[in-house]
Structures are given as structure tokens and as C-alpha cells.
Amino acid sequence: MAKIQFKVPDIGDFDAVDVIEILVNDGDQIQLDDSVLTLESDKATMEVPASHTGKVSNIQIKVGDKVKQGTYICDIEVDAATESTPRSAAQPEPTKPAPVEPAKPLAVHEETHSSNVGLPLAKSVENTPKPVNHQPMGALSHASPAVRAFSRVLGVDLSKVKGSGNKGRVLKKDVEAFVKSVMSGQVSTGAMTSGTGIPAVPTIDFSQFGAIEQVELSRIKKLSGKHLSTAWLNIPHVTQFDECDITDMDQFRKDMKVQAEKAGVKLTPLVFIMKAVVAALKAFPNFNASLSPDGQSLIRKGYYNIGIAVDTPNGLVVPVVCDVDQKSIYDLSRDLMELSTKARDGKLSPKDLSGGCFSISSLGGIGGTQFTPIVNAPEVAIMGVSKAAIQPVWDGANFQPRLIMPFSVSYDHRVVDGAEGVRFTQFVGQHLADIRQLLL
Ligand code: CAO
């Protein structure tokens, strides 16, 4: 039997975070990854999972305390059998690929709206704090994870429940009282839906038509699915299709191949696209913005961070390449290689997934001629890149073989008008057709 001092693990940039719930008592037997306490910053609520299996003793903190990375939480008395497979904040991370953890949900559970929203976040290690409470966008209620879980089981939309706790926090008894009032007809059953307010898809027993197999969705798919539905339902999307001539850009990319390899990078069209997008974001600042929570104003951003959709075995994640305007093509290539490797290994940290302004979903390495990407709310636009192909282009006298890349930009029509949308895509296309303009 050994006694492990269990401390607050890396919780990102947060310092002095409130302890809002202690989920264990002295003497409790806990399993690895069981939630031990809940922390709440002004942006997010997160659970701290146990680093070991064992018995809890000597709890050092109480509700209301402020903690940071390294704060002593309690002891975990570990028996010899489990001692060999511990993970703690003070010990190395596991080497196995981490299961993917909420991405967007971190943002949608934020108590305030922030720009740090993209598609799925991925959890880097199993004992990093877990963002919790997967609620639809707009569900800004204060409630503990236990109460949120309870309300989910009952199908209660927490935003409809009046909280009687400190600062309006919704307590379990409030949810119970709410359900009673619904059952007695005092409150509309509209609050007892999945939150979408749209008619449900009919339930069908498909086995009546033939053999079926039911396969559980990956965790990341479940979470990104919620975020995508939220974005799809909240944003009036328009998708503008366009195409551009990347013959010269691609020739330059090929000319630089050997030099790029010497520098340890592989150049793909994506890095040039990122640069062209940033030039366009500067020219059209409405695209580098988010709507304020009340929808009455636009929050324009003076930084240029681009989320890149990465296809992983567990589903889609969108790590963010920061300060694209300040980086060289090689730097961007390096960032892309590093982030996509981390994404596929399930090792992205919350920081890697935060702060995006605009996203790019590139399927150009795979194929397709056009698609309609879903805006990564609360961003206002996203670019979808398809596969470039040689096409005959009339030069006024003859057809010339040119490399034409189809792409699309979906945007929030509340923020961007159609004319501005097509000006944006044309600007991107012109800059990709003549990348010398990116120097200006
Ligand atoms: N047209 C033609 N070829 C393209 C191209 C395009 N638009 N974009 C990339 N390519 C080529 C690359 O040049 C490379 O070929 P070479 O090896 O001959 O140079 C090849 O396709 C493979 O590129 P890649 O996909 O490995 O690299 P990338 O930088 O283009 O993309 C990444 C990186 C991480 C975005 C990509 O690997 C990925 O995951 N894409 C999928 C994103 C996704 O799933 N989006 C959908 C989200 S909605 O469900």
C-alpha cells in the first residue's frame, strides 16, 4: 500500500480556479479517472479525474477554495496491484493514444461566450481536467456536472430551470421541482425536449427489413455531432462556390520541394491557402469576427488564427494554427505537420484547439469537386477546399491546360452579405492565382 499525493494537473492557462464541487469523501474507494472534483473558471467548468485507483484520504481542499496546477487535493492510498499503472500530474503522461474528448463542448459549456471555439477539442491525457456538461449552445445555466447529468437523463433543458442556489446555480431540487411543474401542466413541455425544438426523426425498427448491426459512435463523433447540429441550427448558412487557377502556385511549390525537404517540411497547397485566407480576412474584417452573444454587434479580431479540420481515426478535430499572418510558409508547414500528427495521436491539448478565427476544411488531398462545410460557430465563415485538376482554359486564342482548384466558403448570412461573400472568395482566388500578391 502506498500513499500518493494527488495534485491538480495541468489545467491550461487557468490560475486560481474555484472549486465548486468535491465529488469524493475520505475513505471512498475510487477508480482511475473517476471524477474527484469540479473546477469552474469564468470560462468553463471542468472535472478533475483521479490519477490512480485507490482509497481517498486526507482531503486538503474545500468548496470555495481557489486552486491551480500543483495544488494538493488529497491522498490516494494505492494498493500494490494497481500501483504499477498510475498516472498523476507529477508523473509522465500515458503513451497510449488518448481517447478524444469534447471539443466544442468545452466552448458551449463556457459560462461566457468566447472566441475559443472550434470543432472538437481532443483531450491530451486521460487525467487532464475534463470539460463537462454537454449542453446545446445557449445553455449558459450554472449547474454542477451531477445536476447537468441528472437533467440530461430527464431530458430537461437546463436553461429553462430557475436556479435557487448561490448566484442562481441550478440545484438538483430545482430540476425535480421543474419536472413536477411540467408534469402537473404548469410549465410547457417545450422545455422537456432534446433542446432543438424541431420535430423528431421517426424511430424505425430497421431489422424488419433485413440484417442490421448497431455500432456505437466514437466519443468525438458524439460530441462533434452536437456542435455541428448546434452550428447548423443556429447559423443561417450560405455557401459560395468558386474556383481558382493554382498552376503557378503549384509550380512554385514543386520548385521548392527539395529546399523544403532540406528544411524538414513538406509543402502542400494548404499553407498557401492559409496565407491567402489571412490576406482576405484583413481585407474583409467581417469574416474575422464573431457575433456578440446578444446578436447585436460584431466582435472583430485583431489576430489571425486559422482552425484546420483534421481527419483522425476517431473523427474530426480542428486544431488551430496561431498567428498565421506572422509565420513563414515553412513555419506554417511545420505547425500543420505537428498539429495533424498530434491530432491523429489524440494528443492535442485544449490550447491547441482554442482561439480560432476562421476554419479551413481541406479535402483536396482526397478528392471531390465541391462541398458545403458547416461554419465552426461562433466563427462566421469556413472555407472548404476540393481537389485541383487540370482543365482546359481559354486564353483568348487557345485552350491552355491549367490547374484549377475548386473551393467554397460557407458564411453566416447574419454577418456577411452575398456580395461580400463572393468578393471574399474572388479575393482568395486571385491571391492564390498570383501568390506574389501575398508579399504586398
Ligand atoms: N488539390 C490537389 N492536391 C492537393 C490538394 C488540393 N486542393 N490539397 C492537397 N493536395 C495534395 C498534397 O499536395 C499531397 O500531395 P503530394 O504528396 O503529391 O504533394 C496530397 O494531396 C496529400 O495532402 P495531405 O492531405 O496530406 O496534406 P494537406 O496539407 O493538404 O492536408 C490535413 C493536411 C491535416 C488537412 C489533411 O491531412 C486532412 O486531415 N484532411 C481532411 C480534413 C477533413 O476531414 N475535412 C472534412 C471536415 S468536415 O467533415
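A few points about this structure:
- Relative contact order of the range 223-439: 30 percent, from C-alpha pairs under 8 Å at least 6 residues apart in sequence.
- Asp34 long-range amide H proximity, modeled H, under 5 Å: Ala50
- Accessible area in square angstrom per residue, the range 223-439, 1.4 angstrom probe: 45 Å²
- Positive minus negative residues near Gly421 (Lys, Arg vs Asp, Glu; Cβ under 12 Å): -3
- Highest-first arrangement of 329-336, 214-221, where packing means the average Cβ count within 10 Å: 329-336, 214-221
- For peptides 300-313, 152-165, sequence by mean Cβ density within 10 Å, most packed first: 300-313, 152-165
- The packing ranking, built from the mean of other Cβ atoms within 10 Å per residue, places the peptides 47-54, 344-351, 387-394 in the order 47-54, 344-351, 387-394, highest first.
- Per-residue ³J(HN,Hα) for the range 62-79, Karplus 6.51 cos²θ - 1.76 cosθ + 1.60, θ = phi - 60°, Hz, x for Gly and Pro: 9, 4, x, 5, 10, 10, 9, 4, x, 5, 6, 9, 5, 9, 10, 8, 9, 8
- Stretching Gln391 away from Ile198 to a fully extended chain increases their span by 65.1 nm, per 0.36 nm per residue minus the current alpha-carbon distance.
- Overall form of the range 223-439 per C-alpha gyration tensor (a/c, 1.5; a/b vs b/c): oblate
- Unsatisfied cross-links (Cα-Cα over 18 Å) in the set Lys7/Lys55; Lys275/Lys327; Lys173/Lys222; Lys282/Lys327; Lys3/Lys55; Lys301/Lys347: Lys173/Lys222; Lys301/Lys347
The values are calculated or read from the model by the stated rules, or taken from the named source; none is laboratory data. Please read all numbers here as calculations on a predicted model, not as lab measurements. With ideal geometry, Cβ positions are generated from the backbone for all residues, glycine too; neighbour counts draw on all protein chains shown. Side chains are part of the model used for accessible areas, which takes the heavy atoms of the whole protein and leaves out ligands, DNA and RNA. Shrake-Rupley method; radii C 1.70, N 1.55, O 1.52, S 1.80 Å.
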